[in-house]
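First up is the structure itself, then whatever we jot down about it.
What follows draws every value from the coordinates through simple rules; no lab data is involved. Remember, predicted model here, so these are calculated numbers, not experimental data. With ideal geometry, Cβ positions are generated from the backbone for all residues, glycine too; neighbour counts draw on all protein chains shown.
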There are 4 protein chains.
Amino acid sequence: MRSYRRVDGRKTRGDRRKQEIVEATLRVIEREGVAGVSHRSVAREAGVPPASITYHFPALDDLLVATLVTAAAEMAARTGDVIESSRIKGSGPAGAVAEMLADALGPSRGRTAALHELYLLAARRPALRPAARLWIDVLTSLGRQPDEVGFRAFLAAIDGMLTQGLIDDEPPTAAELLPVVEHLLAPLR
Amino acid sequence: MRSYRRVDGRKTRGDRRKQEIVEATLRVIEREGVAGVSHRSVAREAGVPPASITYHFPALDDLLVATLVTAAAEMAARTGDVIESSRIKGSGPAGAVAEMLADALGPSRGRTAALHELYLLAARRPALRPAARLWIDVLTSLGRQPDEVGFRAFLAAIDGMLTQGLIDDEPPTAAELLPVVEHLLAPLR
Amino acid sequence: MRSYRRVDGRKTRGDRRKQEIVEATLRVIEREGVAGVSHRSVAREAGVPPASITYHFPALDDLLVATLVTAAAEMAARTGDVIESSRIKGSGPAGAVAEMLADALGPSRGRTAALHELYLLAARRPALRPAARLWIDVLTSLGRQPDEVGFRAFLAAIDGMLTQGLIDDEPPTAAELLPVVEHLLAPLR
Amino acid sequence: MRSYRRVDGRKTRGDRRKQEIVEATLRVIEREGVAGVSHRSVAREAGVPPASITYHFPALDDLLVATLVTAAAEMAARTGDVIESSRIKGSGPAGAVAEMLADALGPSRGRTAALHELYLLAARRPALRPAARLWIDVLTSLGRQPDEVGFRAFLAAIDGMLTQGLIDDEPPTAAELLPVVEHLLAPLR
DNA sequence: AATGAATGAGCATTCATTCAT
DNA sequence: TATGAATGAATGCTCATTCAT
């Protein structure tokens with residue numbers, strides 16, 4: 001039993017293909033929603049034979065879990081970047097959150113919608129719950145006092161703003177979002 | 001071309017069957033989610049032949065729209081009842097909203113989940129948008145000043161609390177929700 | 001809800017197709033064994049689209065049950081014929097049974113093998129048990145005293161001779177079988 | 001070209017793994033029937049990679065042959081034990097055979113069913129015929145005069161009793177089987 | 001000697017929809 | 001007005017087998 005994982009940390013052929021499949025899945029969800037994910041649609045998108053999907057992800061749920069984990073990680077990174085850059089601009093915490101939301105609902109809208117759908121799917125599929133927690137952690141990391149009433153309200157509102165923003169036809173601007181975020185953060189000072 | 005709808009307002013046989021089909025659809029969504037809705041699954045649930053579904057609802061989207069309208073109306077009625085009864089108990093607006101949420105996430109959890117899924121589907125299917133607005137109106141009717149920043153925060157938070165409550169394993173109690181609702185309503189006095 | 005079954009007893013279109021499918025299934029089993037039965041193989045053999053199989057026989061087991069019933073009925077009829085014609089020839093009960101066995105293992109070998117496989121499948125699939133009983137009844141009808149020890153031995157031996165005859169490369173002749181059948185029937189006089 | 005089989009008769013690593021695979025195959029057949037045998041199902045049961053099956057048994061038939069040989073040998077040993085112990089109890093040849101059958105259809109039912117399925121498969125797969133003969137030899141060894149009519153009847157009946165016993169829901173007891181066996185052996189005294 | 005990776009073919013089954021009746 | 005019958009397309013998934021390592 002010898003492993004093909006390289007000692008130097010580089011990925012094996014299989015790992016690389018797994019990553020390609022996950023990324024193709026994300027593109028499918030962006031385009032057609034979670035309902036559009038099937039062995040065949042992902043295989044078509046990734047340019048691999050359908051049996052290759054089942055080989056690397058024995059059940060379709062396994063693929064969704066891997067995709068949710070990847071998407072949450074990517075979104076966390078992107079959120080970190082946006083907040084960092086708004087810190088440099090000196091727009092304060094409310095500005096940072098508003099810009100994060102505007103980015104999520106504007107330029108990153110597709111990814112956000114994909115992530116949101118996967119996150120909501122956890123309500124029906126217990127297998128996705130642990131992975132969904134990763135995204136909740138991203139949101140939680142936006143604040144510091146998870147037990148405070150005000151912070152719970154803030155968290156719920158962020159979630160609701162994302163939901164509503166995704167249903168609206170036009171994405172909101174950071175300027176439109178800012179007063180609401182400020183209102184929510186004010187009691188937390 | 002003659003209409004079968006009676007002048008006296010009583011429903012024709014066809015209308016009654018349409019209603020049965022819509023109710024069967026709601027039960028299917030509660031049990032298996034929107035993804036579980038098909039001509040056949042609904043027909044099985046309603047005890048009618050599959051072709052009967054296509055006959056009354058030419059496309060599947062027509063059925064989903066009718067179901068969303070019915071579910072939103074039912075939920076609005078139920079919300080009205082809960083708020084009315086909490087008014088009698090004298091628990092104030094915050095108490096009323098907290099009890100509405102606890103009811104939606106507890107006893108009415110199945111219906112809430114079904115409605116929420118249909119509501120989110122509107123993001124992908126424009127045909128459902130007008131019907132989805134009905135549910136938004138229910139939420140909006142909980143407050144009075146739709147233009148205020150505080151109210152927008154409140155609305156978003158209600159939405160987020162419903163989303164998070166549906167993903168959590170255990171439904172929250174009204175007592176747990178009350179302080180958050182009070183916190184959100186306080187600036188609106 | 002009106003039925004398409006003709007008042008005059010003639011079969012509906014659906015019934016006719018069901019019969020064609022069952023007969024195609026029998027041919028597939030003769031050629032490739034029960035293991036060769038699939039929606040696709042039967043559809044190919046019957047010259048109908050695969051979905052037609054599922055329409056008329058929701059699960060594959062339903063098709064196997066219908067096939068077992070038909071095959072047992074056909075074999076019962078054939079057995080009756082052989083025994084009747086041997087009675088005319090005056091060869092007595094033992095001769096009749098020997099000729100039945102020779103026919104089953106010779107000219108009707110394919111059908112016998114098919115029926116036998118279906119019959120044995122009942123050991124694994126409870127759904128086939130009631131239908132398998134039909135074939136047992138055919139064998140039982142060869143004798144009259146089902147409770148007698150001698151008759152139980154006779155029945156078991158008939159079954160065993162069929163099994164062994166199907167495994168042997170060359171089918172046995174009635175003349176070869178006759179003494180064994182006589183030996184088994186002797187104590188039953 | 002050098003052989004790894006040790007001169008001293010001890011098994012090489014490869015031989016041990018082959019044996020493990022055969023035993024896993026037997027367990028699969030007991031549980032799901034011959035139809036459940038595949039490279040993958042056996043590999044799962046044995047806890048080895050699928051390619052290991054193909055490596056040791058180039059075609060699936062090779063695996064089935066090896067399994068049939070092993071199963072027949074095991075059953076022969078078990079039959080010998082049962083007959084020996086019934087000889088000690090002094091229950092005579094008929095008692096010995098009845099107890100062998102009761103054991104085969106009761107405690108050893110799973111193995112018997114597996115062996116029987118493999119044995120019948122020989123009717124379709126010529127590659128299994130030589131191995132199937134081993135099991136026939138076990139049955140034959142129960143008697144001494146293979147040419148006698150009475151013995152042919154006895155052999156066929158043993159086979160039929162096994163078949164019928166496997167299809168019945170409840171295994172028969174030795175006491176129930178004894179009179180039939182005595183009836184069959186009586187003329188052979 | 002042994003096994004990860006891969007894949008084309010096939011599986012049972014469900015589907016939305018059409019159409020003759 | 002309703003519904004049995006029908007079907008092409010798609011679903012998730014398993015399969016035997018090959019091959020590079």
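Which angle between 0 and 90 degrees, to the nearest 10, do you get for helix B:129-140 versus the longest principal axis of chain B when only C-alpha atoms count?
Between the helix axis and the principal axis of chain B, the angle is about 30 degrees.
Is there a quick way to get the dipole size of the protein assembly as shown? I mean about its Cα centre, with the Cβ of Lys and Arg at +1 and of Asp and Glu at -1; what is the value in debye to the nearest 20?
In total the dipole reaches around 1280 debye.
Applying 1/(1 + (r/R0)^6) with R0 = 35 Å to the Cβ-Cβ distance of A:ARG27 and C:ASP61, what FRET efficiency is obtained, to the nearest 0.05? Write out the running numbers ahead of the final one.
Values: r = 41 Å, r/R0 = 1.16.
Rounded to the nearest 0.05, the efficiency is 0.30.
To the nearest 20 Debye, how big is the dipole of chain A about its Cα centre, given +1 on the beta carbon of each Lys and Arg and -1 on that of each Asp and Glu?
Using only the charged Cβ atoms, the result is roughly 1120 debye.
So the label point sits 7 Å from Cα along the Cα-to-Cβ vector; using that for B:ARG40, what distances do you get to the other copies, in nanometres, sorted shortest first?
Spelled out, the distances from B:ARG40's label point are 1.5, 1.9, 2.2 nm.
Give me the angle, in degrees from 0 to 90, between the Cα long axis of helix A:60-88 and the longest principal axis of the Cα atoms of chain A, rounded to the nearest 10.
The answer is roughly 40 degrees.
How big is D for the range C:10-58, in µm² s⁻¹ as a whole number, if Stokes-Einstein is applied with the Kirkwood radius of its Cα pairs at 37 °C and 0.692 mPa s?
307
For the range D:107-116, what does the Karplus curve 6.51 cos²θ - 1.76 cosθ + 1.60, with θ = phi - 60°, yield as ³J(HN,Hα) per residue in whole Hz, taken in order and with x for Gly and Pro?
Karplus values, whole Hz, x for Gly and Pro: x, 9, 3, x, 4, 4, 4, 4, 4, 4.
Could you pull the Cα extents of the range C:67-188 along its three principal axes, largest to smallest, in whole Å?
For the range C:67-188, the Cα extents along the three principal axes come out at 40, 32, 25 Å.
Expressed as an acute angle from 0 to 90° and rounded to the nearest 10, what is the orientation of the C-alpha long axis of helix D:13-32 relative to the principal long axis of chain D?
50
For D:THR173, place a label point 7 Å from Cα along the Cα-to-Cβ direction in every copy; what are the distances to the other copies, in nm, shortest first?
Here the equivalent label points are 4.7, 6.0, 9.2 nm apart from this one.
Over the alpha-carbon set of the protein assembly as shown, work out the extent along each principal axis and list the three values in angstrom, largest first.
107, 84, 49
Which Cα, out of B:ALA131, B:LEU105, D:PHE151, lies furthest along the positive dipole direction of the protein assembly as shown (beta carbon charges, K/R +1, D/E -1)?
Working it through, the farthest residue towards the positive pole turns out to be B:ALA131.
Please compute, for peptide D:25-37, the average count of beta-carbon atoms on other protein chains lying within 10 Å of each residue's beta-carbon.
Across D:25-37, the average partner-chain Cβ count within 10 Å equals 1.
In nm², what is the average projected area of the convex hull enclosing the Cα atoms of the range D:37-84?
Orientation-averaged projected area of the Cα hull: 3.7 nm².
Explain nothing, just the number: relative contact order of chain C, from Cα pairs under 8 Å at least 6 residues apart, as a whole percent.
21 percent.
If you scale each eigenvalue of the Cα gyration tensor by 5 and take the root, what three semi-axes come out for the range C:82-144, rounded to whole angstrom and sorted largest first?
Working from the Cα gyration tensor, I get semi-axes of 26, 14, 7 Å.
At B:ASP15, label 7 Å along Cα→Cβ: distances to the other copies, nm, ascending?
From this label point to the equivalent ones elsewhere in the assembly: 4.1, 6.6, 8.6 nm.
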